[in-house]
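Peer 1: One structure is given below, represented as structure tokens, and several questions about it will come after.
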Amino acid sequence: MPRITKLEDKIISPISNITQPSVLNEETQPVLEIWGGNSLNGTVNISGAKNSALVLMAGSLLCPEDCRLSNVPDLVDIRRMNQILTALGAKITKNGNTLDIDVREINPTQAPYDLVSQLRASFFAIGALLTRFGIVRIPLPGGCAIGARPVELHVKGLRAMSANVFIDSGIVHAHVTGSKRRLQGAKIYLDYPSVGATETLLMAATLAEGETIIENAAQEPEIVDLANFCCAMGAKIRGAGTNKIIISGVESLHSVDYKVIPDRIEAGTFLVAGAITHSEISLAPVIPEHLVPVIAKLETMGCRVISESSTRLKLIPGVLKATDIETLPYPGFPTDMQAQFMALLSISEGSSVISETVFENRLRHVAELQRMGANIRVKGKHALIQGVPMLSGAPVMATDLRASAALVLAGLAAQGKTIVRGLHHLDRGYENLEGKLQGLGAKLQRITSNQ
Ligand code: UD1
């Protein structure tokens with residue numbers, strides 16, 4: 001008899017493993033050398049949104065036909081998702097930034113542990129697989145560098161939709177009983193507006209019997225993108241982008257050709273690049289409404305962001321002033337921009353407080369910024385930043401994806417040379433960051449061990 005672990009038992013046990021490659025030999029890994037203090041200028045092209053593309057790839061599992069996704073960024077996380085879908089049986093053809101995904105023949109029980117454990121977003125496929133096939137087996141995603149990141153909200157919601165879910169040896173098993181093996185629509189209240197749980201349950205509800213209402217839903221633009229994608233396949237969804245989403249289940253979905261929205265976090269990172277190097281730069285394409293909390297903070301700090309067209313923004317730098325930031329679910333200030341703003345506040349006049357309320361372990365870049373001369377103290381979830389006139393280049397180690405971007409930004413502003421290690425984090429989520437920065441005139445290059 002296999003030992004059955006109740007989900008609740010699993011969730012309270014601490015998850016300490018870091019799912020990034022754990023045995024990297026840092027000596028042989030590439031590094032980024034940055035010579036700071038140079039101005040940038042020009043226009044940067046913003047790629048498709050990583051977090052949208054990942055969940056749309058999972059969403060493609062909902063329909064038994066072909067899906068075409070365009071504007072998909074070329075990133076390590078996307079390649080991992082590609083491998084996971086392929087392991088499930090999908091046939092994927094990549095042509096530049098377009099993916100043609102054929103998900104006719106899928107085995108919903110063979111998601112590979114090694115890959116799922118490296119990419120949390122792949123767990124979100126549980127909703128699509130369960131609702132289409134009535135059965136799914138998928139490894140728990142585990143913890144990650146920024147926090148434990150449990151999945152009990154995903155599971156609670158699926159149970160409310162009448163799925164049987166249990167965990168055995170780190171694998172989540174779920175199935176639906178009844179002759180039609182169809183999930184049942186339900187009223188679900190999320191204790192926290194989790195992005196991933198909202199996405200899992202939204203996908204699950206598209207093919208469920210009856211109506212599902214998700215209350216206290218996440219309102220991120222990526223949720224709206226997923227809902228638009230599902231609607232383009234024939235789903236019936238109202239309210240995406242608000243805290244109440246209503247999904248009327250349909251019998252089946254059909255093929256779709258869909259373009260991923262621009263990446264608001266990449267765009268925000270480039271706005272900070274302009275601000276931190278006191279440079280005028282333009283960005284396109286962007287959806288300015290998605291950047292409202294980021295633009296508001298930049299303007300409070302003394303910069304201006306002007307709209308050059310409906311999809312193009314320009315950053316006008318200013319004398320940088322301190323401000324306080326609290327990360328929150330959308331439309332609050334995004335946790336995925338917290339590290340980049342910490343680099344910016346490090347050289348802003350006055351003292352600032354950053355409060356990280358979304359993830360419990362997302363201030364690890366502080367120690368690296370301190371190496372560069374930043375004056376920052378951490379108290380619990382708060383970082384107290386006293387601006388200094390300038391940073392100085394130093395060897396630093398990226399601790400997670402957005403932290404790696406923050407170190408690159410700090411390096412662009414610092415005096416002298418900065419060497420950023422741990423680039424596997426950067427490569428997960430930024431498409432050709434150094435090429436794009438070089439295009440704006442930044443002096444940086446990737447050095448591999450054989451150079
Ligand atoms: C997504 C984004 C990530 C972003 C985050 C918050 C993707 C692929 N990733 O991650 O870049 O930083 O939203 O904007 O889209 N939580 C629970 N139980 C659950 C689920 C979540 O306690 O079942 C907690 C998490 O531990 C975290 C908080 O809720 O503290 C927010 O997590 P969530 O919104 O779910 O983030 P992700 O969807 O994982």
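Peer 1: Excluding Met301 itself, calculate the net charge of residues whose Cβ lies under 10 Å from the Cβ of Met301, where each Lys or Arg counts +1 and each Asp or Glu counts -1. Show your work: numbers first, answer last.
Peer 2: Values: positive: Lys297, Lys321; negative: Glu299, Glu349.
Combined, the nearby Lys, Arg, Asp and Glu give 0.
Peer 1: Please list 3J(HN,Hα) in residue order for the stretch 229-236, calculated via the Karplus relation 6.51 cos²θ - 1.76 cosθ + 1.60 where θ = phi - 60°; whole Hz, with x for glycine and proline.
Peer 2: The phi angles translate into 4, 5, 5, 5, 8, x, 6, 10 Hz.
Peer 1: While we're here: Hey, which lysines would be in cross-link range of Lys244, C-alpha to C-alpha under 21 Å, not counting anything within fewer than 8 residues on its own chain?
Peer 2: Lys156, Lys187, Lys236
Peer 1: Would you pull out the residues with amide H under 5 Å of Ala240's amide H, same chain only if 5 or more places away, H placed 1.01 Å from N?
Peer 2: Long-range HN contacts for Ala240: Ile246.
Peer 1: Can you give the charge dipole size of the stretch 205-267 about its Cα centre, rounded to the nearest 20 debye, using +1 on the beta carbon of Lys and Arg and -1 on the beta carbon of Asp and Glu? Let's see the in-between values first.
Peer 2: Details: 5 positive and 10 negative charges, 38 e Å.
Dipole of the stretch 205-267, to the nearest 20 debye: 180 debye.
Peer 1: Okay, moving on. Set the bar at 21 Å for Cα to Cα. Now go through Lys297/Lys321; Lys381/Lys436; Lys180/Lys259 and name every pair that lies beyond it. Can you show the working numbers first?
Peer 2: Numbers: Lys297/Lys321 10 Å; Lys381/Lys436 33 Å; Lys180/Lys259 33 Å.
Exceeds cut-off: Lys381/Lys436; Lys180/Lys259.
Peer 1: What shape does the stretch 49-259 have by the C-alpha gyration tensor, where a ≥ b ≥ c are the square roots of the eigenvalues, rounded means a/c under 1.5, and otherwise prolate means a/b greater than b/c and oblate the rest?
Peer 2: Values: a/c = 1.25, a/b = 1.13, b/c = 1.10.
The shape class here is rounded.
Peer 1: For the stretch 271-407, treating each Cα as an identical point scatterer without solvent, what Debye log10 I(q)/I(0) comes out at q = 0.09, 0.10, 0.13, 0.20 1/Å?
Peer 2: -0.24, -0.30, -0.52, -1.22
Peer 1: Among Phe123, His154, Leu85, whose Cα sits farthest toward the positive end of the charge dipole of the stretch 83-162 (+1 at Cβ of Lys/Arg, -1 at Cβ of Asp/Glu, about the Cα centre)?
Peer 2: Looking along the dipole axis, the top candidate is His154.
Peer 1: Select from Val195, Ala296, Val378 the residue farthest towards the positive end of the dipole of the chain; place +1 on Cβ of Lys and Arg, -1 on Cβ of Asp and Glu, and compute about the Cα centre.
Peer 2: Towards the positive end, the residue furthest out is Val378.
Peer 1: Return the distance in nm (one decimal) between the two label points of a simple spin-label model at Gln438 and Gln415, each offset 7 Å from Cα along Cα→Cβ.
Peer 2: With each label point 7 Å from Cα toward Cβ, the separation is 2.8 nm.
Peer 1: Quick one: which of 389-402, 313-326 comes out on top by average Cβ neighbours within 10 Å, and what's the full order, highest first? Please list the in-between numbers first.
Peer 2: On the way: 389-402: 20.9, 313-326: 17.6.
So the peptides 389-402, 313-326, ranked by packing, come out 389-402, 313-326.
Peer 1: Under a point-charge model restricted to the Cβ atoms of Lys and Arg (+1) and Asp and Glu (-1), what is the dipole moment magnitude of the stretch 54-134 relative to its Cα centre, in debye to the nearest 20?
Peer 2: Numbers: 8 positive and 8 negative charges, 21 e Å.
Taking the Cα centre of the stretch 54-134 as origin, the dipole is about 100 debye.
Peer 1: Here's a follow-up. Would you mind working out the magnitude of the charge dipole of the chain relative to its Cα centre, with +1 at each Lys and Arg C-beta and -1 at each Asp and Glu C-beta, to the nearest 20 Debye? Could you put the intermediate results ahead of the total?
Peer 2: Details: 43 positive and 42 negative charges, 76 e Å.
Roughly 360 debye for the chain.
Peer 1: Pull up the cross-link candidates among the lysines for Lys443, meaning alpha carbon to alpha carbon under 25 Å and not fewer than 8 places away within one chain.
Peer 2: In chain and number order, the partners are Lys314, Lys417.
Peer 1: From zero up to wherever the largest Cα-Cα distance of the chain sits, split into 20 Å bins and tell me the percent of pairs in each.
Peer 2: The distribution over the chain is 26, 56, 18, 0, given as percents.
Peer 1: Each residue of the stretch 196-207 in turn: what ³J(HN,Hα) in whole Hz from Karplus with 6.51, -1.76, 1.60 and θ = phi - 60°, glycine and Pro shown as x?
Peer 2: Calculated HN-Hα couplings, in order: x, 5, 4, 5, 4, 6, 4, 5, 4, 6, 4, 10 Hz.
Peer 1: Whole-Hz Karplus ³J(HN,Hα) for the stretch 362-375, in order, using 6.51 cos²θ - 1.76 cosθ + 1.60 and θ = phi - 60°, x for Gly and Pro?
Peer 2: These are the phi-based 3J(HN,Hα) values: 10, 10, 6, 6, 4, 4, 6, 5, 4, 4, 8, x, 5, 9 Hz.
Peer 1: State, to one decimal in nm, how far the label point of Ser392 lies from the label point of Thr86, with both points 7 Å from Cα in the Cβ direction.
Peer 2: 4.8
Peer 1: Taking amide H atoms as placed 1.01 Å from N in the peptide plane, list the residues 5 or more away in sequence, or in a different chain, whose amide H sits under 5 Å from that of Val172.
Peer 2: Those lying under 5 Å, H to H, from Val172 are Ile138, Leu140.
Values in this text are rule-based calculations from the coordinates and carry no lab data. Since this is a predicted model, take the numbers as computed values, not measurements. Note that each Cβ is placed from the backbone with ideal geometry, even for glycine, and that neighbours are counted across all protein chains shown.
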